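Right, one structure below, let's go through it.
The values are calculated or read from the model by the stated rules, or taken from the named source; none is laboratory data. Please read all numbers here as calculations on a predicted model, not as lab measurements. All Cβ positions, glycine included, derive from the backbone under ideal geometry; neighbour counts span all protein chains shown. Accessible surface is based on the protein model in full, side chains and every heavy atom, while ligands, DNA and RNA are left aside. Shrake-Rupley method; radii C 1.70, N 1.55, O 1.52, S 1.80 Å.
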Amino acid sequence: MAEVAMTVNGAPVSAEVEGRTLLVEFLREGLGLTGTHVGCDTSQCGACVVQVNGMAVKSCTMFACEAEGAAVTTIEGMAGPDGTLGPIQAAFQEHHGLQCGFCTPGMVMSAASLLADVPKPSEAQVRTYLEGNLCRCTGYQNIVRAVMAASGQAVEERSQ
Amino acid sequence: MGRAKTITRRSLLIGSFAVAGGVAFGGYKLAQTPENPLAVKDGVAITPWVKITKDGITLITPHVDFGQGAYHMQALLIAEELDLELGQFTVDPGLPSAAYWNTAVADENVPFQIDDDGWIAEGARLGLQGIFKLAGLQVTGGSSSVPDSFEKLRRAGATARETFKAVASERTGVPVAKLHTRSGSVILPDGTGLPYTDLAADAADIEPVQVDDLRAPSDWTLLGKNTERLDILPKSTGTLSYGIDVQLPGMLHASLRVNPRRTGVRRIKLRGAKEMRGVERVVHVTGGVAVVARNTWYAIEAARAIEFVFEPATYPAEQREHWAEVKASFTRDRRDRTWRHDGDVETALKKGDVIEQGCQAGYVAHAPLEPLSAVVLVQGDRAEVWAGHQLPQFAQRAVAKIAGIPTDHVTFHNQYSGGSFGHRFDLGFIERAAEVARQMPGTPIKLTYSREEDFAQDNPRQIGASRARGVVRDGRIEALDLKIATTSSTQSLVRRLGFPFVTPDPQIVHGASSMPYAIPHLRVTGYKVPELAPSTYWRSVGAVSAGFFAEVAIDELIHAAGADPMQERLRMIEDPASRRVLEALAEMSDWADGGAAHPAPNQGRGVAIVNSFGVPTAQVIEVTHTQAGIRIDRVFVACEVGTIIDPVNFENNVQGGVIWGLGHAMNCEITFSDGAAMQQNYYDAEGMRMHQAPEIIVRGLESGGKVRGIGEPPTPPAAPALSNAIFAATGQRVRELPMYHHVDFI
């Protein structure tokens, strides 16, 4: 067992964990932050993406101990303290960027990393950057639209 | 009720109409309405769908939501007539009850095609609806949520509205005719509002007011408009709790290792799994063991450490044997039914040069993004279950049987699911969780499947092949004899649920026998392949294979006739709804008059139209043949339903159905070796990723006629339209699903 301390969504946390505890397990079962999802355990699907020091990380591929001292942000940390949605979340809502929503937290967290690096991405850049996030329900189109809108770029109207 | 119900239960065939021994129900039984399951303190339950207390309004939405938007759609229907605004109520799937029997799913389960509205077919549907009502069968699936809910939930809302008006009238002395309702209140002539929540206690004392007339679509304020789905906010903030997120005090976590060949275990070597950190117990379950631990990862790790020698499968061990069985099924013995015969096919085939072709479509897993999970607590002679399921009463019954307690001692809480696509029709995950919980009474057990176990235990979609023989003459298709042989996923599932299945399965040819064309000599015959690997409904069921077989064969014959794929389909089409759809599609995709926009030499476009679940759906797909492989550029979709309830969700379902169809057509299959599925995770069966996904342009037509669901119909035309587009771009016919065996995709 080892003591691990990190900041999660702005709040300091520390706990005794076993060395092999995965970051996602620490977040979900240790801290009860179940917004971070597990879809495959093998970094195929991206449902578990969180940010560690601003970098998008698949939290099923990282040990909790490796996040020692880091600032971790999960989907729960993307809205303001008063519940105001972050710009990407608001865009997912506005553009209906989900169906079952199981992939959504990972999509939002990956998109946040993209927009931090590339504030005005092209549609092709969005699609390439998010290819590690699998969605089984939607046509992807509204997810792309949401990310484009969140970056402050105009998106075309829906076809219906 | 006793006797009729017993007989019915025993002989009910969900997937077929025939009822062994006859059913002793008369008008009296059928007219009887099941009891309202809602018990409300300090308030009122008006119909089984509206529950109001002084503290708030709850709408019961019994069709479970696994991403298709069922909760929102059901709530909209009630709220439209009850004059509620979004945000004024909560939704709850309620507990399983006969009151929520599905009135619509019978449509696709009689041995007639869904578009057959002849009197025998309609009579059969009525008969089956009676049986569904008697059995009180609650089902989410078969694109039936909208058809089942459209009328009855609006009526529930209207009944509640008029009841509150009657209460307000009694309280104030104002005649009902001078009252109206708005935003959750009854409004008096002077503008004063009496909130429903204030009227609820009094409403419990009067008989609900029955309502005959529902509002005209022109008066709708919620239906037919773009609304923001109720679950989008909690889903985009990570606060929505899915089945896999359920947490209970004292809960332990279980992971499975179960024979992927669906038989028993010869030997188990625990290899220290019991002593691994965090492990509490290792218990036997059907086909293997479950490790129970303090958290899911401890359980999964320990389960992986265990060594097994499993019993062999009872079905063929190797994939090539499955295919051999499929290909040996075009025989008189295995002929299930000839579902359509126009003209005289035999004679027509003798008179011309016969063109022959055949296609095949393999097994595919469901693999929704949320792995299967269930929480079960067994305590004394009671049990409680938290899981997402499409047949909640069957789940309840399965737990009762394992726990050895009466069914009504099992409380089943249906959960939000991260996708299903048919996966949550099967009961295995509920049964295994119950087997563990029974052995650890008093402790809530959460069983979570690893992705690998989810693939290994998945009962995939049916496997099948087609044989087509056709004749063309004077630039037209003269004759087509289409034979389709598949396993029956309906039969497989229905038998696992404990019922016999004896009738022909219309799903084997669903989407093929309903082809909208007037071909002078046309015959479509289904052949039932004996069960191989167990299979389950998979989004669009039989139509995903039969639609592919039919529309690739048609395309090949049109090519042989030297005609244009769009113009010839338009010429042949006789079903009026299908014609409207295809004309809309031709216009959208600029393919109306031979095509103004001629594709470049390395580009191609393909068209397909499939009528499944009563919804004609047509697609044009444009592809480019690049050096790196086929790129799918754009998809145009047109379809026709009776009424579009929620346009933005409608479009999302259509786009999702197209991607579902394309992604699996490209690269997904389950193949068996040594009796087990060879594919273990998304790297083996990836579906479509964002960088591969085309732009999808959707047009939904509203006929104003019979209301239909849109969950499944967008899937079947995707694969044949893609195959036909690849042919146009490359000259290569792809006659197999998945297609990656023959072409590369970007």
Overall dimensions of the stretch A:87-150 as given by Cα atoms, namely Rg and Dmax in Å: 10.2, 28
Area of B:ARG467 that stays accessible when all protein chains are in place (1.4 Å probe, Å², to 10): 90
Per residue, in Å², the accessible surface of the stretch A:87-150 once ligands and nucleic acids are set aside, probe 1.4 Å: 26
Of all DSSP beta bridges in the stretch A:2-77, antiparallel share, percent nearest 5: 90
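Can you say what percent of the DSSP beta bridges in the protein assembly as shown, counting only those with both residues inside, are antiparallel? Round to 5. Let's see the in-between values first.
On the way: 98 of 132 bridges.
Of those bridges, close to 75 percent are antiparallel.
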Kirkwood-Stokes translational diffusion coefficient of the stretch B:163-229, alpha-carbon pairs, 20 °C, 1.002 mPa s, µm²/s: 160
Sequence-distant lysines (8 or more away, or on other chains) whose Cα lies within less than 27 Å of B:LYS350: B:LYS327, B:LYS483, B:LYS528
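Among the trypsin sites (Lys or Arg not before Pro) in the stretch B:168-219, which ones are in a DSSP loop with at most 16 other Cβ atoms within 10 Å of the Cβ? Mind listing them? Numbers along the way, then the final one.
On the way: sites: B:ARG171, B:LYS178, B:ARG182, B:ARG215; in loops: B:ARG215.
Answer by residue number: B:ARG215.
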Nearest-10 value in Å² for the accessible area of B:ARG735, using the 1.4 Å probe: 90
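On a 1.4 Å probe surface of the protein chains, which of B:ASP333, B:ASP92 comes out largest in accessible area, and what is the full order? Working shown, then result.
Values: B:ASP333 145, B:ASP92 60 Å².
Descending order: B:ASP333, B:ASP92.
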log10 of Debye I(q)/I(0), alpha-carbon scatterers only, for the protein assembly as shown at 0.10 Å⁻¹: -1.19
Accessible surface of A:THR73 - all protein chains present, 1.4 Å probe, nearest 10 Å²: 40
Stokes-Einstein D in µm²/s, Kirkwood radius over Cα pairs - the stretch A:1-84 at 25 °C with 0.890 mPa s viscosity: 193
Rounded FRET efficiency, nearest 0.05, which uses the C-beta distance separating B:SER703 from B:ALA592 and R0 of 22 Å: 0.55
Solvent-accessible area buried by pairing B with A, both sides, nearest 100 square angstrom, 1.4 angstrom probe: 5300
25 Å Cα-Cα reach of B:LYS269 towards lysines, excluding residues that sit fewer than 8 places from it in its own chain: B:LYS446
Share, in percent, of DSSP beta bridges within chain B that are antiparallel, nearest 5: 70
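How many percent of the accessible area of the protein assembly as shown is carbon or sulfur, using a 1.4 Å probe?
On the way: 15710 of 31770 Å².
About 49 percent, which is the carbon plus sulfur part of the accessible surface.
Calculated from DSSP H runs of 4 or more alone, at -39500 (n - 2.57) each and per residue, what is the 222 nm mean residue ellipticity of chain B, nearest 500?
The per-residue figure over chain B is -9500 deg cm²/dmol.
So for the stretch A:87-150, averaging the separation of alpha carbon pairs under 8 Å that are six or more residues apart and normalising by length, what relative contact order in percent results? Show your work: numbers first, answer last.
On the way: 66 pairs, mean separation 36.3, N = 64.
Relative contact order of the stretch A:87-150: 57 percent.
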Relative contact order (percent, whole number), the stretch A:2-77, Cα cutoff 8 Å, 6+ residue spacing: 40
Spin-label model distance (nm) - B:ALA324 vs B:LYS269, 7 Å beyond Cα toward Cβ: 3.3
Listing of the stretch A:92-108 residues, each with accessible area lower by at least 50 Å² in the full protein assembly than in the chain alone (probe 1.4 Å): A:GLN93, A:HIS96, A:LEU98, A:GLN99, A:CYS100, A:PHE102
Heavy-atom SASA rank of B:ILE268, B:ILE696 (probe 1.4 Å, accessible area, largest first): B:ILE268, B:ILE696
B:ASP92 versus B:ARG332: modelled label distance in nm, points set 7 Å from Cα along the beta carbon direction: 6.1
HN-Hα J in Hz across the stretch B:213-223 - Karplus 6.51, -1.76, 1.60, θ = phi - 60°, x for Gly and Pro: 9, 9, 5, 6, x, 5, 9, 5, 10, 10, 5
Set of lysines near B:LYS706 by C-alpha distance (under 28 Å), chain-local residues within fewer than 8 positions excluded: B:LYS29, B:LYS133, B:LYS152, B:LYS225
Accessible area of chain B divided out per residue, in Å², using a probe of 1.4 angstrom: 35
